[in-house]
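The values are calculated or read from the model by the stated rules, or taken from the named source; none is laboratory data. Computed from a predicted structure; not experimentally measured. Quick reminder, even Gly has a Cβ in these numbers, built from the backbone with ideal geometry, and neighbours come from all protein chains shown.
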Amino acid sequence: MLTLGLAACHKAGGPLTTDDMSQGDPKAKVTVIEYASVGCPVCGNWDMTVFPAFKAKYIDTGKVHYVFREMLVGGSEEVNLGASGFLLARCAGKDKYFAVTDAIFHVQPDIYGGKVDAHTALLNIARSVGLNEDQFNACISNDAALTALQQRATDHANNDHVDSTPTFVVNGTMLTPGYHPLSDLDAAIAAAH
């Protein structure tokens, strides 16, 4: 029984673009799009608790093409972490993008819990992927890159009708926004075949 609460009857998610970051086989029968922010605590929780099993079961086996779309949501602290984090991930390059976003999701509780400031946490992540402090500072203060990120997030909100994160779209069918356990995604993927 499908208990996902599917959001709308129209095809959701929009066409794939060169700005999308993805993992898995682009020719897979199922595409799962996640709209998320590295500044979003619910997204961080999903990344830490569900994504590893989802990746092993679907991405690594070639069953799903996973597409990650950047959003900027929440209060100023969440938006600032999201923006700086995404700029850093893109500066690290496509091959290190997901390593950076995953590291940010994992350090989120320490940032929001006051154990480490966001700048220090992100600088440590930058160093772990081979960027020095000058490169990191140039990266997160790049106005053109920030404007492009803001435009992508605005386009996702307006064109793809996404207003909260995480939001998942499975082969064009949008799930109710929010945290979904693996069983929800299993059901949606099975229904998409």
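Could you list all residues from the range 17-60 that are closer than 26 Å to GLY74 by Cβ, more than 11 Å from the chain's Cα centre (by Cα) and modelled with pLDDT under 95?
Once the filter is applied, which keeps residues that are closer than 26 Å to GLY74 by Cβ, more than 11 Å from the chain's Cα centre (by Cα) and modelled with pLDDT under 95, the range 17-60 yields THR17, ASP19.
Listed here are the residues, each with its yes/no results for (1) surrounded by 13 or more Cβ atoms within 10 Å (Cβ to Cβ); (2) more than 23 Å from PHE51 (Cα to Cα); (3) without any contact (Cβ under 8 Å) to a residue 60 or more places away in the chain.
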| residue | (1), (2), (3) |
| --- | --- |
| VAL129 | yes, no, yes |
| GLU133 | no, yes, yes |
| ASN137 | yes, yes, yes |
| ASP143 | no, yes, yes |
| LEU146 | yes, yes, no |
| LEU149 | yes, yes, no |
| ALA153 | yes, no, no |
| HIS156 | yes, no, no |
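Looking at the structure I just gave you, is ALA121 without any contact (Cβ under 8 Å) to a residue 40 or more places away in the chain, out of contact with any helix residue (DSSP H, G or I) (no Cβ under 9 Å at 6 or more places or on another chain) and assigned to a helix (DSSP H, G or I)?
So ALA121 does not fit the description; no.
Scan the range 159-193 residue by residue and report those that are out of contact with any Phe, Trp or Tyr (no Cβ under 8 Å at 6 or more places or on another chain), at pLDDT 95 or above, part of a helix (DSSP H, G or I) and of a type outside the set (Gly, Ala, Ser).
If the condition is that a residue be out of contact with any Phe, Trp or Tyr (no Cβ under 8 Å at 6 or more places or on another chain), at pLDDT 95 or above, part of a helix (DSSP H, G or I) and of a type outside the set (Gly, Ala, Ser), then ASP184, ASP186 are the ones that fit.
Can you pull out every residue in the range 173-193 that is surrounded by fewer than 19 Cβ atoms within 10 Å (Cβ to Cβ), under 21 Å from CYS43 (Cβ atoms) and not hydrophobic (A, V, I, L, M, F, W, C)?
THR176, PRO177, GLY178, TYR179, PRO181, SER183, ASP186
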